[in-house]
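The values are calculated or read from the model by the stated rules, or taken from the named source; none is laboratory data. For clarity, every value in this text was computed on a predicted model and none was experimentally measured. Virtual Cβ from ideal backbone geometry, glycine too; neighbours counted across all protein chains shown.
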Amino acid sequence: MLNVGIIGLGSVGLVHLSAYRKLTGGKLVAVAESNEATLSKVDISDAEGFSDVTRMLASIDLDIVAICTPASSHEALATICAERGVNVLIEKPIALTPESGARIVEVCRRNKVKLYYGSTYRCLPAVVEARNIVQRGEIGEIELMVEQVIGGKGYEACSAMSFGHYPEGGPGGFPMGIIDHGIHLIDVFGWISGLKVIDAIGRGNTSGKDMRAEFLTLTYENGAIGNLLYHEGTYSAALPAEGAFSAGAGWDIDGYVSPGAWTRSPASICIYGRTGALRVMHYGNCLYKMDEMGVSQVPITGTPAPDHFRVQLETFIEDIVTNRPATVPGEVGVMVLETALKAFA
């Protein structure tokens with residue numbers, strides 16, 4: 001059993017905390033949160049709480065630390081952990097700049113600890129099965145991959161990410177935008193299809209500036225296109241019958257959705273091949289296949305979100321125990337960040 005610690009108890013950190021209580025290959029033993037008021041409100045009776053990361057690392061023998069703080073703090077925290085000989089799982093985005101991300105990769109390499117980039121979408125059962133279908137060639141050569149998140153409760157109801165997350169004047173903006181959300185899709189589009197991005201253009205929001213619609217268009221080596229389109233400052237144009245009951249938990253334009261709840265605009269990825277297409281409701285844990293035979297729902301194994309956070313950490317634990325390379329290395333995080341930033345060039 002490996003000892004696990006968490007740094008950061010924001011909204012994402014709390015989901016990690018809940019998921020890690022179900023670990024089989026490790027045990028959550030420590031939590032660090034600099035906001036003592038937040039720390040005092042969270043039930044961590046099964047772990048020791050600290051308001052200082054350095055003190056946590058000095059007090060408890062940890063094998064893994066999951067860094068769930070804003071990207072602006074990632075390099076400093078990863079450095080502290082790596083120099084203590086602790087393996088690092090780091091949330092997306094890996095850093096604010098590719099240069100900072102590269103330094104994180106290097107400090108972990110130099111201190112001979114493993115670095116796992118938190119691409120949690122790779123652990124969502126519907127995404128995993130979609131990749132299996134694509135890799136088996138069941139929908140032919142991939143030509144187009146799309147995700148769009150458009151709508152909400154209007155401009156005035158939107159809250160931008162704080163400058164603590166994304167410094168004023170730099171890439172950032174809102175939670176369902178390119179930097180904080182779309183970075184997941186940049187990774188899984190390539191992971192599902194096996195294709196490499198050769199070009200990217202787009203437009204992203206700047207932290208502290210008025211919200212605009214965002215887009216990123218990716219061109220792949222075979223000529224396929226990946227398209228991301230985001231705007232949460234308007235209203236959804238989806239009709240009521242287009243919604244779905246979510247089989248898992250996750251995020252959509254209205255925020256966090258609990259399992260079993262109705263979502264009027266279910267988060268989904270559309271993948272179009274030459275002989276078929278897929279609609280992947282990655283948080284809703286549903287997968288549909290369309291081809292010459294019509295529409296079919298694809299059976300999915302595995303537990304839905306938010307259990308994917310546990311699955312991800314269990315994978316990292318196995319990487320460590322078997323001494324194999326990290327399943328999703330830090331270099332992936334640097335690569336997808338470089339691509340995302342094309343929207344701000």
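Note on segment 1-29: residues that are part of a strand (DSSP E or B) and in contact with a Ser or Thr (Cβ under 8 Å, 6 or more places away or on another chain) amount to 1.
Considering segment 137-154, the residues that are at positive phi and more than 22 Å from the chain's Cα centre (by Cα) include one that is modelled with the lowest pLDDT, namely 154.
Residue 310: among the charged types (D, E, K, R), in contact with a Phe, Trp or Tyr (Cβ under 7 Å, 6 or more places away or on another chain), over 26 Å from residue 227 (Cα atoms) and not in a loop (DSSP other than H, G, I, E, B), yes or no? Before you say what the answer is, go through the steps one by one.
Numbers: among the charged types (D, E, K, R): yes; in contact with a Phe, Trp or Tyr (Cβ under 7 Å, 6 or more places away or on another chain): yes; over 26 Å from residue 227 (Cα atoms): yes; not in a loop (DSSP other than H, G, I, E, B): yes.
Here the answer is yes, as residue 310 does meet what is asked.
Among the residues of segment 274-299, just one is more than 24 Å from the chain's Cα centre (by Cα), of a type in the set (Gly, Ala, Ser) and within 19 Å of residue 144 (Cα to Cα), namely 276. Name the residue that is nearest to the chain's Cα centre (by Cα), counting only residues in segment 255-273 that are of a type in the set (Val, Ile, Thr) and under 30 Å from residue 137 (Cα atoms). The residue in question is 269. Filtered by the rule that a residue be modelled with pLDDT under 95 and within 24 Å of residue 311 (Cβ to Cβ), segment 26-42 gives a lone residue, 42. Go through (1) in a loop (DSSP other than H, G, I, E, B); (2) more than 19 Å from residue 146 (Cβ to Cβ); (3) touching a residue at least 12 places away in the same chain (Cβ under 8 Å) for residue 319 and report which single condition fails. Here residue 319 clears every test but (1).
Residues checked against (1) touching a His at 6+ places or on another chain (Cβ under 8 Å); (2) in contact (Cβ under 8 Å) with a residue 12 or more places away in the chain; (3) of a type in the set (Val, Ile, Thr); (4) not assigned by TED's automatic domain parsing to the domain that holds residue 320:
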site	(1), (2), (3), (4)
6	yes, yes, yes, no
9	no, yes, no, no
24	no, yes, yes, no
36	no, yes, no, no
52	no, yes, no, no
81	no, yes, no, no
84	no, yes, no, no
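Selection of segment 322-344 for residues being of a type in the set (A, V, I, L, M) and in contact (Cβ under 8 Å) with a residue 60 or more places away in the chain yields 326, 328, 332, 334, 336, 337, 340, 341, 343.
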